[in-house]
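Have a look at the structure below before the remarks.
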Amino acid sequence: MRPLNAEPMLPGFVRHLFPTVAGLPLGPLLTLSLRALAGRRPGLFERLGEYRSACFVIDPVDLAFAFRVVPDGQRSSVRVVSKDEAAQSDVLIKGPLLTLLGLLDGTLDGDAMFFSRIISISGRTEAVLALRNTIEDAELRPADLLGLRGSLARCVDTGVLGALGVARRLAENNPSEARKA
């Protein structure tokens with residue numbers, strides 16, 4: 001049985017597959033995805049108000065890099081940054097990757113993860129609240145981020161969410177790997 005404040009982390013072999021260099025292509029891909037989402041659902045970004053130009057650093061503690069996100073609608077940007085650059089932000093959100101993805105897709109409750117100390121947040125609290133409320137209201141699915149519709153969207157959602165569920169179960173069943181992180 002794992003402690004209440006221990007969330008499953010990626011297995012060691014997966015973490016080693018993703019050094020900082022391996023994450024670099026994710027920045028441009030995620031930037032395009034975020035900008036396309038802004039084109040399809042501009043209200044999501046307007047809901048952020050003044051915080052749409054804030055710099056959010058998302059630091060998956062089980063990866064060698066972090067993401068610097070500015071959710072500014074059509075000018076949104078995502079950059080892969082080193083852990084050292086993570087401190088240069090308005091908001092820093094840290095936690096295991098599988099947990100952070102669960103917050104994004106709505107399978108996990110951000111308040112519960114914060115109060116059980118699975119994720120940590122520092123910086124401008126009001127910006128974090130605006131982001132959290134926006135994400136919760138958006139009810140985003142993986143297909144939304146990819147701009148997919150119809151049966152293809154349903155297939156992608158089922159596949160991605162199923163894969164995340166399997167990854168969480170594998171991580172839960174390997175607690176010794178989580179302690180090595």
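The values are calculated or read from the model by the stated rules, or taken from the named source; none is laboratory data. Just so it is clear, the model here is predicted, and its values are computed rather than measured. A quick note on method: Cβ atoms are made from the backbone with ideal geometry, for glycine too, and the neighbour counts reach across all protein chains shown. We work out accessible area using only protein heavy atoms, side chains counted, and drop any ligands, DNA or RNA first. Shrake-Rupley method; radii C 1.70, N 1.55, O 1.52, S 1.80 Å.
Here are a few things to note about the model shown:
- The mean accessible area for residues of the stretch 12-180, using a 1.4 Å probe and ignoring ligands and nucleic acids, is 54 Å² per residue.
- Using every pair of separate Cα atoms, the Kirkwood estimate puts the hydrodynamic radius of the stretch 12-180 at 16.6 angstrom.
- For GLU139, solvent-accessible area (1.4 Å; no DNA, RNA or ligand), Å²: 140
- With all protein chains in place and a 1.4 Å probe, the accessible surface of the stretch 12-180 carries 60 percent carbon and sulfur.
- Distances between placed amide hydrogens fall under 5 Å for ASP62 paired with LEU97, all partners being 5 or more residues away or on another chain.
- Karplus-based coupling profile of the stretch 56-69, in residue order and whole Hz: 9, 9, 9, 10, x, 5, 9, 10, 7, 9, 10, 10, 9, 10, with θ = phi - 60° in 6.51 cos²θ - 1.76 cosθ + 1.60 and x standing for Gly or Pro.
- Rounded FRET efficiency, nearest 0.05, which uses the C-beta distance separating ALA163 from GLN74 and R0 of 30 Å: 0.50
- Förster radius 41 Å - calculated FRET efficiency between SER151 and LEU24, Cβ distance, rounded to 0.05: 0.80
- Extension reserve of the ARG40-LEU104 stretch, reckoned as 0.36 nm per residue once the Cα distance is removed: 21.3 nm
- Amide hydrogen proximity for ASP72: with H placed 1.01 Å from N in the peptide plane, the residues at 5 or more positions away or on another chain lying under 5 Å are SER77.
- A simple spin-label model places pseudo-atoms 7 Å from Cα toward Cβ; at SER120 and SER82 they are separated by 2.0 nm.
- SER116, SER76, SER122, reordered so the largest accessible area comes first (probe 1.4 Å): SER122, SER116, SER76
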